[in-house]
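Written below as structure tokens is the structure these notes are about.
The values are calculated or read from the model by the stated rules, or taken from the named source; none is laboratory data. In this text the structure is predicted, and so the values were computed from the model without any measurement. Please note: Cβ atoms are built from the backbone with ideal geometry, for glycine as well, and neighbour counts cover all protein chains shown. The area values use the complete protein model at the heavy-atom level, side chains included, leaving out ligands, DNA and RNA. Shrake-Rupley method; radii C 1.70, N 1.55, O 1.52, S 1.80 Å.
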Amino acid sequence: MLRPYQQIHRRKSRVINVGNVSIGGNNQIAVQTMTNTLTSNAKDTIAQIERSAKLGVDLVRVSVPDKESSNSLKEIVKHSSVPIIADIHFHYKRGIEAANNGASCIRINPGNIGSIDRIKEVIKAAKDNNCSIRVGVNAGSLEKQILEKFSEPNPDALVESALLNIKILEDNDFTNFKISVKSSDIFMSIKAYEQLAELCDYPLHLGITEAGGKRTGSIKSSIGIGNLLLRGIGDTIRISLSDEPEEEVRVGFEILKSLGLRNRGVKIISCPSCARQQFEVIKTVKNLEKKLDDISTPLTVSIIGCVVNGPGEATMTNIGITGGGNDTHMIYIDGKKNNVVKNVDLESYLEDLIRKKTKEIELSN
């Protein structure tokens, strides 16, 4: 197996707890998503949470916009296999209720939660219930005084908002919190996170807010979040997509896997295919990605359509296939030639091979 050319040296942040998940320090970077069901519909929300949990999500955020959602939160927390973060805007009482109803963390946006006295009440509820807080600064909803000072959202404005609210929490003897300074603008986000990372040691939650649909949002998030992660900044991430939460989880893990920061599930190395391909590479890869979605054991697979790069890639993966002529292809196991296959259903054959290898790895660990 090929060793990483370079390892990322992470910023040393203090450790906080979100339920049973430790954030910061040397703990693995947590992947988060957010439900898009009506929180008042506990059944649908729980089902969506569990679909994300099967893909390995560490934390799930749910919006709590009204009293009915707040009441439903208790049922959701009870049946969730991962810690729940309550997303609070405008109504500080929802934050108090969320802490009382079992949320592991409360996300508040200081720009719209209300007066300092109201924030203090939320802090007290969090303390009383061993609930952490995320200070969620957002370029789209900065405090009035911040906007008056800076005229428009910019990195300095985001950081100043974060520092003001850090002070409020610290003044109330509360340090079990993480911070985000999000913007839909990649450059603004990167600059704000870089500045904040130098000014405090609290864990940072990364995201490019309102990033867009699956393709656009994945690209923007990969550039913005990936840029920060490469510099060692970031303790939790959320990929904000106009898509299903499960897709956010998949993209989040792919970013972390690409940087060697998390190693979960099957990592497929495949060629884009060309006239040299000896089997349908694109179709094979697409279908295998879907079929292998449930595997959590780290495993690398190379699927290369011809002998130009195929043998070289196969020597660096657990399972490899290199396309050959006359519908005859070479299979590699642990980087070595194993056998030749001819006229077989490649998708089914490779799936069986990968699942068998997965079980071997699990038994050896």
Residue match in the range 239-249 (condition: of a type outside the set (A, V, I, L, M), in contact with a Pro (Cβ under 9 Å, 6 or more places away or on another chain) and in a loop (DSSP other than H, G, I, E, B)): no
Residue, nearest to GLY312 (Cα to Cα), within the range 333-355, restricted to residues that are β-branched (Val, Ile, Thr) and surrounded by fewer than 14 Cβ atoms within 10 Å (Cβ to Cβ): VAL340
The lone exception for MET330 - which of (1) at pLDDT below 95; (2) open to solvent by 30 Å² or more (accessible area, probe 1.4 Å) it fails: (1)
Residue match in the range 9-20 (condition: in contact with a strand residue (DSSP E or B) (Cβ under 8 Å, 6 or more places away or on another chain), open to solvent by 50 Å² or more (accessible area, probe 1.4 Å) and not basic (Lys, Arg)): yes
Which numbered condition LYS257 misses (of (1) in contact with a helix residue (DSSP H, G or I) (Cβ under 6 Å, 6 or more places away or on another chain); (2) within 23 Å of THR33 (Cα to Cα)): (1)
For THR358: the one exception among (1) assigned to a helix (DSSP H, G or I); (2) within 28 Å of the chain's Cα centre (by Cα); (3) surrounded by fewer than 17 Cβ atoms within 10 Å (Cβ to Cβ): (3)
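Rundown of residues vs (1) within 17 Å of SER348 (Cα to Cα); (2) among the hydrophobic types (A, V, I, L, M, F, W, C); (3) touching a residue at least 40 places away in the same chain (Cβ under 8 Å), yes/no style:
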| residue | (1), (2), (3) |
| --- | --- |
| ILE282 | yes, yes, no |
| LYS286 | yes, no, no |
| GLU289 | yes, no, no |
| THR317 | no, no, yes |
| GLY325 | no, no, yes |
| ILE331 | yes, yes, no |
Selected residue [within 23 Å of ILE208 (Cα to Cα) and in a helix (DSSP H, G or I)] from ILE85, ILE49: ILE49
Restricting the range 285-321 to residues that are of a type in the set (Val, Ile, Thr) and closer than 19 Å to ARG250 by Cα, the residue that is surrounded by the most Cβ atoms within 10 Å (Cβ to Cβ): VAL301
Evaluation of LEU229 against (1) in contact with a Leu (Cβ under 7 Å, 6 or more places away or on another chain); (2) assigned to a helix (DSSP H, G or I); (3) hydrophobic (A, V, I, L, M, F, W, C); (4) under 26 Å from ILE331 (Cβ atoms) (one fails), failing number: (4)
Whichever residue in the range 29-38 is touching an Asp or Glu at 6+ places or on another chain (Cβ under 8 Å) and part of a loop (DSSP other than H, G, I, E, B) and, among such residues, is surrounded by the most Cβ atoms within 10 Å (Cβ to Cβ): ILE29
Single residue of ILE268, ILE233 found to be touching a Phe, Trp or Tyr at 6+ places or on another chain (Cβ under 6 Å) and open to solvent by 10 Å² or more (accessible area, probe 1.4 Å): ILE233
Helices (runs of 4 or more DSSP H) within the range 138-208 that include 1 or more residues open to solvent by 10 Å² or more (accessible area, probe 1.4 Å) and farther than 17 Å from LEU228 by Cβ: 144-150, 155-171
Single match in SER69, SER63, SER81 (criterion: in contact with a helix residue (DSSP H, G or I) (Cβ under 9 Å, 6 or more places away or on another chain), within 26 Å of ILE123 (Cβ to Cβ), surrounded by fewer than 23 Cβ atoms within 10 Å (Cβ to Cβ) and small (Gly, Ala, Ser)): SER63
Cβ pairs under 8 Å, 6+ apart, first in the range 162-188 and more than 15 Å from ARG118 (Cα to Cα) and without any contact (Cβ under 8 Å) to a residue 24 or more places away in the chain, second open to solvent by 60 Å² or more (accessible area, probe 1.4 Å) and assigned to a helix (DSSP H, G or I): none
Scope the range 266-320; condition of a type in the set (Gly, Ala, Ser) and farther than 17 Å from LYS356 by Cα; matching residues: SER270, SER273, ALA275, GLY305, GLY310, GLY312, ALA314
Flag for ASP44 being free of Cβ contacts under 8 Å to residues at least 12 places away in the same chain, farther than 23 Å from LEU261 by Cβ and touching a Leu at 6+ places or on another chain (Cβ under 8 Å): yes
